1. Name the single residue, out of those in the stretch 262-277 being part of a helix (DSSP H, G or I) and surrounded by 15 or more Cβ atoms within 10 Å (Cβ to Cβ), that is farthest from ligand 1 (Cβ to nearest atom).
2. More than 15 Å from residue 140 (Cα to Cα), within 16 Å of ligand 2 (Cβ to nearest atom), within 19 Å of the chain's Cα centre (by Cα) and part of a helix (DSSP H, G or I): which single residue out of 224, 289, 259 fits that description?
3. Take the residues of the stretch 238-254 that are surrounded by fewer than 21 Cβ atoms within 10 Å (Cβ to Cβ) and under 17 Å from residue 115 (Cβ atoms): which is farthest from ligand 1 (Cβ to nearest atom)?
4. Do you know which of the residues in the stretch 174-209 that are at pLDDT below 95 and not in a helix (DSSP H, G or I) is farthest from ligand 1 (Cβ to nearest atom)?
5. What number of residues within the stretch 122-173 are away from ligand 1 (no atom under 14 Å from the Cβ) and either assigned to a loop (DSSP other than H, G, I, E, B) or on the phi > 0 side of the Ramachandran plot (or both)?
6. Of all residues in the stretch 53-95, count the ones that are assigned to a loop (DSSP other than H, G, I, E, B) and under 28 Å from residue 105 (Cα atoms).
7. Would you check which residues across the stretch 4-25 are part of a helix (DSSP H, G or I) and modelled with pLDDT under 80 and list them?
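The values are calculated or read from the model by the stated rules, or taken from the named source; none is laboratory data. Keep in mind that what you see is a predicted model, and the values were worked out from it rather than measured. Ideal geometry is used to build each Cβ from the backbone, glycine not excepted, and the neighbour counts take in all protein chains shown.
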Ligand SMILES: [Fe+2]
Ligand SMILES: [Fe+2]
């Protein structure tokens with residue numbers, strides 16, 4: 001199967017072109033108001049409920065409970081609510097859809113949620129823009145959707161990928177390239193392009209295993225890669241049999257040095273370890289929130 005054939009088979013994801021398309025359209029136009037964003041979110045009740053659950057979770061440590069989307073936008077900001085809305089609509093359309101039997105989606109979602117938080121924590125060390133930090137969160141949340149799509153649309157081949165990882169301890173993306181001829185990052189990158197996602201997010205997903213190959217946005221992609229690797233070290237990988245390097249080895253590796261350099265993070269400081277500590281604080285919350293989001 002070629003990449004083009006695979007992309008053509010994955011076309012029945014209704015939420016992507018509707019609600020998410022609207023969110024992307026509204027937020028990319030300078031004329032759009034807070035009301036426009038709230039209106040499109042309310043057009044999908046289950047999405048609105050999930051956004052409120054997320055806004056009221058301990059991630060945001062709000063003093064008072066937020067009961068409406070308009071209020072959430074005032075309290076958290078337009079960019080943050082846009083980020084949650086994008087992430088939740090991807091979650092609804094990709095993770096909650098039926099099909100695919102070999103992959104533990106809750107595990108995958110937990111990995112993604114933690115990775116999104118980690119990317120945001122790291123991002124706040126190098127950028128100040130709230131919009132950009134919110135975008136980093138979304139990048140982390142959606143970076144591995146290619147795996148869920150592979151499982152859903154091509155379950156037999158994907159089962160062989162998992163077997164290969166278990167038998168030979170190679171990485172998932174290497175196993176995918178052997179079985180499919182392309183990996184989850186490439187597949188998801190192509191689909192996001194088709195769904196007209198912002199270029200920065202496409203690059204983050206497309207190059208998250210190889211930021212050095214990207215022409216643009218290398219800094220943001222490498223922040224995501226670092227967060228991704230950290231999640232693996234914390235035991236939050238998408239598949240239990242994926243090989244792990246070990247935290248000490250990872251932090252000392254040439255790969256980590258290169259990633260830190262590309263991202264602009266001060267490699268020699270304790271910032272990476274501090275970020276890891278912060279990330280650990282979110283582990284229980286990730287489990288709790290994922291349970292709520294996945295319940296019907
Ligand atoms: Fe990945
Ligand atoms: Fe990942």
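1. Selected residue: 271.
2. 259
3. Within the stretch 238-254, the match that is farthest from ligand 1 (Cβ to nearest atom) is 247.
4. Among those residues, the one meeting the criterion is 196.
5. 5
6. 6
7. Once the filter is applied, which keeps residues that are part of a helix (DSSP H, G or I) and modelled with pLDDT under 80, the stretch 4-25 yields 16, 17, 18, 19, 20, 21, 24, 25.
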